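Asker: Take a look at the following structure, please.
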Amino acid sequence: MDFFSKIFKSKDKNRPAASDQDPQTSESLFDFDTPRPDVGDVKCATVLIVGAGSRGMCYTYYAVNFPKRMKIVGVADPRSCTKETLKMMHRIDDDKYFDDWREAAKLEKFADAVIIATPDRLHKEPAIAFAKKGYHILLEKPMAVTPEDCCEIVNACKENGIILAVGHVMRYHPVSRKIRELIDSGVIGDIVHIQHMEPIGYWHFAHSYVRGNWRNEEESTFSLLAKSCHDIDLISYWMGDRRCVKVSSFGTLSHFTKENKPEGASSRCLDCSVEKNCPYSAQKVYLNKASQGNFSWPVSVVCSNGVHDIESLTDELKNGPYGRCVYECDNDVVSNQVVNMEFDGGQTAAFTMMAFTNDLGPRKTAIYGTKGEVRCFGSGPIEVFDFVTNTKTQHLAKTVAFMPMNLRAHSGADYYLIDSFISAVTNNDPALIITGADDTLRSHLLVFQAEKSRRESRVVHIDKDGQ
């Protein structure tokens, strides 16, 4: 099978296979009524990709599966292997193929929009530059790593009439939106308290936050912003117009320190005598998956040269960052954190981020109201208990049946985000964005204040400007 056959084969997987679901529940889990976004007379948005890593690459599959709606016309990334992959996938012209985004920004505007998925600390400059050029922007979360930079990005977009969508994909998750719909319907009365937890997953934390790109604050940013700004944003979304007025937070780096290194352990997993007894072994996390032919995430991240085979992976683990002992890395970000919030109506919320979990990603949420409560784990079902009738009901949040496999990350929220962004751009309608400039800035500033509380060991009072 040639390269393009492999890429476009994903189109054949748009409809879930009957064997993937219980036949009695598949009709209720999937939305078969919503038409594909490329049906009828539709407009196409041209898009430049700045940062072609796993997130930047992910969004381009929308163009692969719905070419009438989105066309990738340029890519900027310093890595030749990632640029070449996108160039082949989308047949990008040679003169729109850049090592540095600044080269693209110097040219006359040649696309409707730009997707910025550079490392966290490299968001501000391209966002402001392309806003001034008139490009609508999909910016990966977090917006930036300081409150000041976030404000500058928002101001630049507003001053230039730019549609800004930030990659808080969890707001687009059908479950998140269904929960908001239930709250707004009054089924649980007035919100009193929200409990929300994000389980990161023990090996995922070791991959991304001990060995990986988000391990060190100086190189990236703090854990709550890098990983869980999604969740603080979700709590803000469910609380509606209520403003957070006070926040406190506590968190530590647990376990992944030199003091906890097992006796006899090596500095690298592939030549470690106690590797078999270590849950964070690179052998277990990467090589065991690859030996079964699985070179998808997280293995794909390790093979930074773009060559996905056992030999290349083994070499990376022998010499690269992902083969290091988790007790000998230069990591300093916290592994567990709690955030407590009070809102201007007296409502409260508590969020927990935890590295040491078996679950990887499915959030646990409980929302307590004056007339009932809502509970949900992962993709549902959403459970509502009514205090008046003393009854429990379940609500399913359906996902479109034609969703491409490559956009099913975050339980399909990736698809809904990019679909909403393309619709907003082609219709020039910012209202289609639910992670726009003002809401996203508000939740980002709340994250910064929570981290300030953790560092200073005090309750932080927040004014109307989020400061």
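The values are calculated or read from the model by the stated rules, or taken from the named source; none is laboratory data. What you see is a predicted model; the values in this text were computed from it and never measured. Methodologically, a virtual Cβ is constructed for each residue, glycine included, from the backbone with ideal geometry; neighbour enumeration extends over all protein chains shown. Note: areas computed on protein heavy atoms with side chains; ligands, DNA, RNA excluded. Shrake-Rupley method; radii C 1.70, N 1.55, O 1.52, S 1.80 Å.
Asker: Would you work out the charge dipole size for the chain about its Cα centre, treating the Cβ of every Lys and Arg as +1 and the Cβ of every Asp and Glu as -1, and quote it to the nearest 20 debye?
Answerer: Dipole magnitude for the chain comes out near 440 debye.
Asker: Compute the label zone of R79 within segment 39-62: residues whose backbone N is under 18 Å from the point 7 Å along Cα-to-Cβ.
Answerer: Only 49-61 pass the distance filter.
Asker: Divide by every residue of the chain the summed helix terms, -39500 (n - 2.57) for each DSSP H run of at least 4, and state the resulting mean residue ellipticity at 222 nm, rounded to the nearest 500 deg cm²/dmol.
Answerer: After summing the helix terms and dividing by residue count, I get -9000 deg cm²/dmol.
Asker: Tell me, how many Å apart are the Cα centres for segment 382-431 and for segment 54-87?
Answerer: Rounded to whole Å, the Cα centres lie 24 Å apart.
Asker: With the contact rule set at Cα under 8 Å and sequence spacing of 6 or more, what percent relative contact order holds for segment 240-376?
Answerer: 32 percent
Asker: For F377 and N427, calculate 0.36 nm times their separation in residues minus their Cα-Cα distance, and state this gained length in nm to one decimal.
Answerer: 14.5 nm
Asker: While we're on this one: Which residues in segment 50-79 place their backbone N less than 20 Å from a point set 7 Å from the Cα of R102 along the Cα-to-Cβ direction?
Answerer: The answer is 50-52, 75-79.
Asker: Further question on the same structure: How high is the relative contact order of segment 220-319? Use alpha-carbon pairs under 8 Å, at least six apart in sequence, and give a whole percent.
Answerer: 15 percent
Asker: For the chain, what % of the accessible area comes from carbon and sulfur atoms, probe 1.4 Å?
Answerer: 49 percent
Asker: Just one of [x] 58, 35, 19; [y] 58, 32, 21; [z] 32, 30, 25 is semi-axes √(5λ) of the Cα gyration tensor in Å calculated from these coordinates, so which is it?
Answerer: [z]
Asker: Which cross-chain or sequence-distant (5 or more) residues have an amide H under 5 Å from the amide H of G372, H modelled 1.01 Å from N in plane?
Answerer: Residues meeting the amide H criterion: F387.
Asker: Can I ask one more? Relative to the present Cα-Cα distance, how much length would full extension add between L270 and V245 at 0.36 nm per residue of separation?
Answerer: Going from the current span to full extension adds 4.0 nm.
Asker: Shifting gears a bit: Strictly greater than 27 Å: what percent of every Cα pair in segment 21-177 meets that?
Answerer: For segment 21-177, the fraction of Cα-Cα distances above 27 Å is 29 percent.
Asker: With a cut-off of 8 Å between alpha carbons and a minimum separation of six or more residues, what is the relative contact order of the chain in percent?
Answerer: 22 percent
Asker: How many nm separate the modelled label positions at V192 and K289, each set 7 Å beyond the Cα in the direction of the Cβ?
Answerer: 4.3 nm
Asker: Per-residue HN-Hα couplings for segment 211-225, Karplus 6.51 cos²θ - 1.76 cosθ + 1.60 at θ = phi - 60°, whole Hz, x for Gly and Pro?
Answerer: Rounded to whole hertz, the list is 9, x, 5, 10, 7, 10, 4, 5, 8, 10, 6, 7, 4, 4, 6.
Asker: What accessible area per residue, rounded to a whole number of Å², is obtained for the chain using a probe radius of 1.4 Å?
Answerer: Roughly 44 Å² per residue, with all protein chains present.
Asker: Show me the ranking of peptides 201-209, 364-372 by mean Cβ neighbours inside 10 Å, starting with the highest.
Answerer: 201-209, 364-372
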